[in-house]
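K.L.:
Next up is a structure, given as structure tokens.
Each reported figure results from applying straightforward, stated rules to the coordinates on display, with no laboratory input. Being a predicted model, the structure only gives us computed values, none of them experimental.
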Amino acid sequence: MKQKVLLASNNAHKIKEIRAILGDFFDIVSLREAGVESDPEETGKTFEENARIKAVAGMKASGMPCIADDSGLEVLALDCRPGVMSARYSGSHGDDAANNEKLLAELADKPDRSARYVCVICMAFPDGRELEARGECYGEILKEKRGNGSFGYDPLFYFPQFGKTFAEISSEEKNEVSHRNAALKAFEKLWEKEINDK
């Protein structure tokens, strides 16, 4: 019987993606499915700190092992901004259009437009153990948006391997190469090592 694990999210897309990769190991339930309220303030200065805040809060609220992620965009010419502020870069949370406009304005005179999406996965256990994995996906920021799919900075994030932005490819294609996929694959290896070391 698989161990039941809380996912500190109600995001249907995220739940599906995480279940697809880690479902062989865990019975993953969302906050809503578990009847758990957990929405801690993300006060961390790094993706690692914020992922841990969410995982520990979910674990304490449920008594179950809890897995959480934190992710965002880092642009090298902007000293890795927007980083942990990616969702609220323009000031209001989740305003993709405003966030994209601010990013373009700040990069207007920058020749280097290289960027990376980052995702950190953290799992907190009631016995105090923690596991953490990081995944990255590299590309560059275009000068104008392309594509209608996806969300966030995807219309500006050009992925050289496909010759398209993340908003121009299917969700299946994106999932294969995304920062979250890379983090989950790294986490999968960590968990297999954890099992084998016991």
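K.L.:
Cut-off under 20 Å on the C-alpha distance; same-chain residues fewer than 8 positions from Lys16 excluded. Which lysines are left, in chain and number order?
P.N.:
In chain and number order, the partners are Lys2, Lys4, Lys54, Lys174, Lys185, Lys189.
K.L.:
Report the convex hull volume per residue for the range 1-139, counting only C-alpha atoms, in Å³. Write down the numbers at each step before the final one.
P.N.:
Working: hull volume 16.0 nm³, N = 139.
Hull volume over Cα atoms, normalised by residue count, gives 115 Å³.
K.L.:
Also, I was wondering about something else. So which aspartates and glutamates pass the test for Lys143, namely a Cα distance under 14 Å, with those fewer than 8 places away in the same chain ruled out?
P.N.:
Candidates past the 8-residue exclusion: Glu101, Glu106, Asp109, Asp112, Asp154.
K.L.:
Name the helices (complete DSSP H segments) of the chain with a Cα length along the long axis of 18 Å or more and a Kyte-Doolittle mean of at least -1.0, or state none.
P.N.:
Details: long enough: 47-62 (23 Å, -0.21); 179-197 (27 Å, -1.11).
Once both thresholds are applied, what remains is 47-62.
K.L.:
Here is a further query. Multiply the residue separation of Phe125 and Ala108 by 0.36 nm, subtract the distance between their alpha-carbon atoms, and state the gained length in nm to one decimal.
P.N.:
Working: separation 17, 0.36 × 17 = 6.12 nm, distance 4.50 nm.
Length difference between fully extended and current span is 1.6 nm.
K.L.:
Report the gain in length on full extension from Ala20 to Arg88: 0.36 nm times residue separation, minus Cα-Cα distance, nm rounded to one decimal. Present the calculation step by step, with values, prior to reporting the outcome.
P.N.:
Working: separation 68, 0.36 × 68 = 24.48 nm, distance 2.84 nm.
Here the segment from Ala20 to Arg88 would lengthen by 21.6 nm.
K.L.:
Work out how much length Glu101 to Lys143 would gain on full extension: take 0.36 nm times their residue separation and subtract the Cα-Cα distance, in nm to one decimal.
P.N.:
Length gained between Glu101 and Lys143: 14.1 nm.
K.L.:
Also, I was wondering about something else. Which aspartates and glutamates have a Cα less than 16 Å from the Cα of Lys193, not counting those fewer than 8 places away in the same chain?
P.N.:
In chain and number order, the partners are Asp24, Glu130, Glu132.
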